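Have a look at the structure below, then the notes.
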Amino acid sequence: LHAASVGVVARLRPLHVLLATGSGYLGYSQYGRYKDRELERQGIEVPPRVAHEVQVALYKSIPTRLLSRAWGRLNQVELPTWLRKPVYSLYIWTFGVNMKEAAVEELHHYRNLSEFFRRKLKPQARPVCDSHCVISPSDGKILHFGRVKNCEVEQVKGVTYSLETFLGPHTWTDLNIKKSEDDTGSFQDLLVTKEGNELFHCVIYLAPGDYHCFHSPADWRVAHRRHFPGSLMSVNPGVARWIKELFCHNERVVLSGEWTHGFFSLTAVGATNVGSIRIYFDRELHTNSPRYSKGSFNDFSYISNNNKDGVTMQKGEHLGEFNLG
Amino acid sequence: STIVLLFEAPKDFTFNISAGQKIRFGEALGTM
């Protein structure tokens, strides 16, 4: 009996330690949040609590790319007709999808969840604003917006990332290379091509229930694509508040070019469940592929001898989509 | 997934949105 009880204690000890440290950590973080709420109640601005480097490294050590691809494969499996309605209904109910806007409302039409996720909208569901020069390229939630200051962009209020790390080296056009050789200004100054102009940014988060295609936000010419393979951490607003430089860690596709006022770019950032990005006019682009070397990027120019303008996009025109896995 | 727009515009460009707001494709982000 004694030997058996010693065995039970030996088996339980790691569990006890785990429970004690886990609940201690939870208690500590809850206390921190309580203190923040109290300070906010008193009108004191509290800086966001960002993750420690160790926490980020731990999160990055999770094989999110592998998980994402497995998730994508699973969702490409064709569902039997009888299973489609309950599966998609559960998804609709969980994420608040509005199927009345979908071009095809009949759930049996979608062979798998990937197809359902890529659903198109009815043509009249999203009128494009004519009177403003920049429109939202997608459905979603505005995380942050404003002017870029000191080469830092805010992903949410108070949590920034480096503009240069996000876009990569400033070498995408011959014109800009010449300018960067002569100019000793900051990276931000190199992007601004016209006197008196400033650099602006806007971050839009697409929730799982949102329409996941994106469109051209303005009339512009896309000259260059830069694909950064990277991690696939979650990009939900809570994680964006927690992990500094989240958008620089994650896989992303940067489209850059020009509009009437100078530099213009749109970047699609992937996430765990939505790991791959498709650009309709770019068949060379392959995202979330197993080949991945940390910190690398692949450039592609849309300007050629036959096409000196790049790809001309009209405001509201179909540009690309996110895919599951 | 997330979309980040970065663009150059005249200083008088103003956003007509607010942080945390839900937005739909086609709605105005800002103007000059």
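The values are calculated or read from the model by the stated rules, or taken from the named source; none is laboratory data. Note that the coordinates shown come from a computational prediction; the quantities given were computed from them, not determined experimentally. Cβ placement follows ideal geometry from the backbone for every residue including glycine, while neighbour counts extend to all protein chains displayed.
A few comments on the model shown:
- A:Val87 passes every criterion in (1) surrounded by 11 or more Cβ atoms within 10 Å (Cβ to Cβ); (2) closer than 30 Å to A:His249 by Cα; (3) of a type in the set (A, V, I, L, M, F, W, C) apart from (2).
- Count of segment A:197-210 residues, restricted to those that are more than 7 Å from every other protein chain (Cβ to nearest Cβ) and surrounded by 21 or more Cβ atoms within 10 Å (Cβ to Cβ), is 1.
- Test result for A:His132, assigned to a loop (DSSP other than H, G, I, E, B) and facing another protein chain (nearest Cβ under 8 Å): yes
- Criterion violated by A:Arg119 - all others in (1) away from chain B (no Cβ under 12 Å); (2) modelled with pLDDT under 90 satisfied: (2)
- Flag if A:Gly262 is closer than 24 Å to A:Ala223 by Cβ, within 8 Å of another protein chain (Cβ to nearest Cβ), of a type outside the set (D, E, K, R) and surrounded by fewer than 21 Cβ atoms within 10 Å (Cβ to Cβ): yes
- Restricting attention to segment A:42-57 and to residues that are free of Cβ contacts under 8 Å to residues at least 24 places away in the same chain and aliphatic (A, V, I, L, M), the residue that is surrounded by the most Cβ atoms within 10 Å (Cβ to Cβ) turns out to be A:Val46.
- From A:Glu154, A:Glu164, residue being assigned to a strand (DSSP E or B) and more than 9 Å from chain B (Cβ to nearest Cβ): A:Glu154
- Residue check, A:Pro137 surrounded by fewer than 17 Cβ atoms within 10 Å (Cβ to Cβ) and at the interface with chain B (Cβ under 9 Å from one of its Cβ atoms): no
- Conditions (1) touching a Lys or Arg at 6+ places or on another chain (Cβ under 8 Å); (2) small (Gly, Ala, Ser); (3) part of a strand (DSSP E or B); number of the one not met by A:Ala218: (3)
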